[in-house]
Each structure stands twice: as C-alpha cells, then as structure tokens.
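Please read the structure below before turning to the comments.
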Amino acid sequence: MITSVYIHIPFCDNICTYCDFNKRFYNEEIVTKYLNALEEEIKEIYQNDLIKTIYIGGGTPSSLSVNNLKKLMKIVKIFKLDKNYEFSFECNPENINYEKLLLLKENGVNRISMGVESTNKKFLKYLNRHHDIKIVKEKIKLMNEIGFNNINVDLIYALPNETINDLKKDLDIITNLSINHISTYSLEIHHHTILGINKVKPINEDLDCDMYNYICNYLKEKGFNHYEISNFCKDNTYSNHNLVYWHNDNYYGFGMGASGYIKNIRYTNTRSYRNYINKKRIIYKETLIKKDRIIYELILGFRLINGINKDNFKKKYQKELIQEKNIQKLIKKGYLEETKNNIKIKEKYLYIENSILEEMI
Ligand code: SF4
C-alpha cells in the first residue's frame, strides 16, 4: 500500500551558491512541457492508492506562474486523497505571493515549507538568496491571513565566518515568526556548486558540532520538540510526509530527478529534461531483498529521536531488532539506548549518528 507522493518541480528563478539539487532556470514554455510530461508519468504509474501525504518540492515550486500553478493543481487532482491528508508545498519568499497562496489554499494545500535559510543580509547574499527577513515576515503574514497555520521554515547554519552569536540572532528571529516547524541544515559544500568551484572550505567540525548542540538546546527551550536529527516542531505538527521516509515506508516519486520506493524497488528518475519529456525516466533501479530493507530501516529509523519501534520492526521483518547488526554491542558501549518500546541513539550522540551507523552496519 503506497500512501505518499513526492512531486519534483526542478525550476528556480536564481541558483543558490550551495545548491546541489536537481534544478534549472525557469522558462515558461519548458515548464509547460514539463508539466505535460509529469501528468503522463503520474497517469502511467499511479495505481489509485489512497494518498495520505503529498509533498511538492524542488527546485522552487513557487516559481511557477499562476497559469502553470493552476495546471499543477489540476494534475494533483488525479490522486485519491485520504480525508486526513497532508499536502505540503515548498515556497521561496521571493516569488510566493497572495494570488499563488490563495490558489494553493483553494486546492487543498495545508502545509507550507519556506526556504528562509538565514535572516542575515550578508549571509543571504553569500548564498545568492534574493529575499530578506522583512519579505519573509510579509509572506508569513499573508499565509496566516489566508489560513495556513502549518508552516515550516528551513534554516542553514555553519556558514563560513558564521559565529554562535549570528546563529542565535537567526534563532531569535525565526522562533518569533508565526510558524510551528523548523528544519535545520549544516551547510554542505559540494564540488560542482558555486561554493565548491570557489574552493570554499567548510567550518571546523567542533564549531559545527557546537552550533548543532546550540540549536537543539535553544529550540527545546522555546518549546520545540526535537523529533528528528535536524527537525523540530511544536504541538505535534510533525512532517508526516518525511516520517514516511524515516519509517522506510513506500512512496511514489514523480518528476525529473525524483526518487521513489515502490514494492521493494527503490528508483531514481533522470535529471535530464530531454530524457524526461521523452519518457526515458528511470536511470536507477534497485530491488531490495529483506537484508537490504533492514539496512535502510536502520539508517533511516535511527534519524528519529525516538529511534525504531521494536514491535513494528518485528511485524515488518519477523526478526528482533535487538539481534540486528551490532546493536547489542552499541548498547553496551553506551551509544544506543533500549527503552520499553524502542531502541534509539542517545541524544548526546546524535551529532555522530553517521559514525554510529557505520559501526552498526
Ligand atoms: S532555490 Fe532551492 S533548488 Fe533552487 S537553487 Fe536555491 S537551493 Fe537550489
């Protein structure tokens, strides 16, 4: 049973200096053709399942013109929605506006994720983001007026020359916005991005770790629930869509560069526009046997602060979680903790989650 859908809109008005996503510059004609190809893909693959979460990400979905946004919303109507569905839409503060927000609301979008990234003009410029905090506040006010009350903002930290004090200022401002979810990202420098080409070096790891711990403590004090390594929410407004990924459940991935997981097959679509519109879509396909599925379950599940539920694991794999890989050894070493229902990484070791997983697997 597949209950989730990811749709990729790979167009942006500007290219950020750190961006490693699948994207290209916006062009009305290309986008229109892309949406036709997207509709074809969905009609071919979707099996009429009852969908509980839809996530439209990018790229910048809010870069679509009103006409193309209408077209996209019409395509989404193909899906049969559960009555308690979550429908998320990614926005960039620079190109989302009243008309587009109203259209989203009228078409059932009920969760907005906005790329704020920083509140500091100097850092925004460094990242080639074309908004400022005044614009962010205006756009959130519009969202609230239109009736959106489930809003995430993304924050990037660990920028070159950023200090804990800069980070504190970002957090002070962001936590005063009318939002309920924050996703944080430590800046990664990939070699083919503008920062990578300019040979920018990442900040030192101790400072990165201090910043991570600062964020966790700060947001906890402000009443945010730290529920995934990099994600925080208030009043149980978890990202239900992302929980599907972290629970290693099935989902459709539609669009250029999108990945999906259907009936034990993980697949990734081409990043080439030409191939995509010519229906040469899938460039990678991996059929997972039980052993592989368990590895994914561990890698994804230990990202959650509550870790992995022992009963769910047993139901899924007919095996005891505690017997898997080096889990017992890591409990003895003090990195993992077994509670009545779950096994999880101890909070103080979340920052070194990758090393723990390496040792585990
Ligand atoms: S808006 Fe997002 S997808 Fe587009 S260039 Fe910036 S980071 Fe990349």
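The values are calculated or read from the model by the stated rules, or taken from the named source; none is laboratory data. If you're wondering where the values come from, they're calculated on a predicted model, not measured in any experiment. Here the Cβ positions follow ideal geometry from the backbone for every residue, glycine too, while neighbour counts run over all protein chains shown. Just so you know, the surface numbers come from the protein's heavy atoms only, side chains and all, with ligands and any DNA or RNA stripped out. Shrake-Rupley method; radii C 1.70, N 1.55, O 1.52, S 1.80 Å.
Observations, loosely collected:
- Among the conditions (1) under 28 Å from Asn128 (Cα atoms); (2) among the basic types (Lys, Arg); (3) open to solvent by less than 80 Å² (accessible area, probe 1.4 Å), Lys201 misses just one, which is (3).
- Only strands (runs of 3 or more DSSP E) whose full extent lies in the range 248-361 are considered here, and the ones with at least 3 residues that are surrounded by fewer than 16 Cβ atoms within 10 Å (Cβ to Cβ) are 282-287.
- Neighbours by Cβ (under 7 Å, 6+ apart or cross-chain): first from the range 202-230, within 17 Å of Ile174 (Cβ to Cβ) and touching a residue at least 40 places away in the same chain (Cβ under 8 Å); second outside any helix (DSSP H, G or I) and open to solvent by 80 Å² or more (accessible area, probe 1.4 Å): Ser230/Tyr185
- Selection within the range 23-37 - assigned to a helix (DSSP H, G or I), more than 30 Å from Lys263 (Cβ to Cβ) and within 16 Å of the ligand (Cβ to nearest atom): Ile30, Val31
- Hits in the range 68-122 (condition: open to solvent by 20 Å² or more (accessible area, probe 1.4 Å) and in contact with a strand residue (DSSP E or B) (Cβ under 6 Å, 6 or more places away or on another chain)): Lys80, Leu81, Asp82, Tyr85, Glu90, Asn110
- Test: Ile189 is touching a His at 6+ places or on another chain (Cβ under 8 Å), more than 30 Å from Phe79 (Cα to Cα) and open to solvent by 10 Å² or more (accessible area, probe 1.4 Å): no
- Residue match in the range 237-251 (condition: closer than 30 Å to Asn275 by Cβ and small (Gly, Ala, Ser)): no
- Against the criterion of being within 30 Å of Leu207 (Cβ to Cβ), in contact with an Asp or Glu (Cβ under 7 Å, 6 or more places away or on another chain) and at pLDDT 95 or above, Lys346 qualifies.
- Restricting the first member to the range 53-69 and to residues that are free of Cβ contacts under 8 Å to residues at least 40 places away in the same chain, and the second to residues that are more than 10 Å from the ligand (Cβ to nearest atom) and assigned to a loop (DSSP other than H, G, I, E, B), the beta-carbon pairs closer than 8 Å and six or more apart or on different chains are Ser62/Ile96.
- Residue match in the range 195-205 (condition: closer than 26 Å to Ile112 by Cα and either under 18 Å from the mean Cα position of the chain (by Cα) or among the small types (Gly, Ala, Ser) (or both)): no
- Selection of the range 98-146 for residues being part of a loop (DSSP other than H, G, I, E, B) and more than 16 Å from the ligand (Cβ to nearest atom) yields Asn107, Gly108, Val109, Asn110, Thr119, Asn120.
- Taken over the range 38-67, residues that are assigned to a helix (DSSP H, G or I), more than 16 Å from the ligand (Cβ to nearest atom) and crowded, with 19+ Cβ neighbours inside 10 Å amount to 2.
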